[in-house]
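What follows is a short report on a single structure.
The values are calculated or read from the model by the stated rules, or taken from the named source; none is laboratory data. Predicted model only: the values in this text are computed from it and were never measured. Ideal geometry is used to build each Cβ from the backbone, glycine not excepted, and the neighbour counts take in all protein chains shown.
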Amino acid sequence: MDEAGAVAAIRFSHGPVVTAHVDAIDFHSPVLVGVFLEATSRVVAVGTTSMTVEVVLEAEDQHTGERHVATTGRMVFVAVDGEGRPRPIG
């Protein structure tokens, strides 16, 4: 989930980010061995140097194609420069 969230944050900020905080991870249902997982992420709030990203994991049964939301989470990422210091998003 962290990697999926980072992809959205990197794309949005056009550069490197670090995970600063995990607001919540909610487990809605178990994910069994052999089930496919699809992660989607989107930026839902933006500050000067940070952004909140929502991540959704959907589970898909490989035999039936049935899908359901298994896990959701919100994380805060901070855009950083080459020295690892916060940088403005823009």
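Yes/no per residue for (1) surrounded by 11 or more Cβ atoms within 10 Å (Cβ to Cβ); (2) hydroxyl-bearing (Ser, Thr, Tyr); (3) within 16 Å of Ala6 (Cβ to Cβ):
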position: Ala20; (1), (2), (3): yes, no, yes
position: Asp26; (1), (2), (3): no, no, no
position: Leu37; (1), (2), (3): yes, no, no
position: Ala59; (1), (2), (3): yes, no, no
position: Gly65; (1), (2), (3): no, no, no
position: Ala70; (1), (2), (3): yes, no, no
position: Arg74; (1), (2), (3): yes, no, yes
position: Val78; (1), (2), (3): yes, no, yes
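What pairs can you find where one residue is in the stretch 7-36 and farther than 18 Å from Val76 by Cβ, the other is at pLDDT below 95 and surrounded by 13 or more Cβ atoms within 10 Å (Cβ to Cβ), and their Cβ atoms are less than 7 Å apart, with a gap of 6+ or different chains?
Val35/Asp61
Since Glu58 meets every condition but one in (1) touching a strand residue (DSSP E or B) at 6+ places or on another chain (Cβ under 7 Å); (2) within 15 Å of Val76 (Cβ to Cβ); (3) of a type outside the set (Gly, Ala, Ser), which condition does it not meet?
Among (1) touching a strand residue (DSSP E or B) at 6+ places or on another chain (Cβ under 7 Å); (2) within 15 Å of Val76 (Cβ to Cβ); (3) of a type outside the set (Gly, Ala, Ser), Glu58 violates only (2).
When only residues in the stretch 39-55 that are under 13 Å from Ala79 (Cβ atoms) and of a type in the set (A, V, I, L, M, F, W, C) count, which is surrounded by the fewest Cβ atoms within 10 Å (Cβ to Cβ)?
The extreme case among them is Val46.
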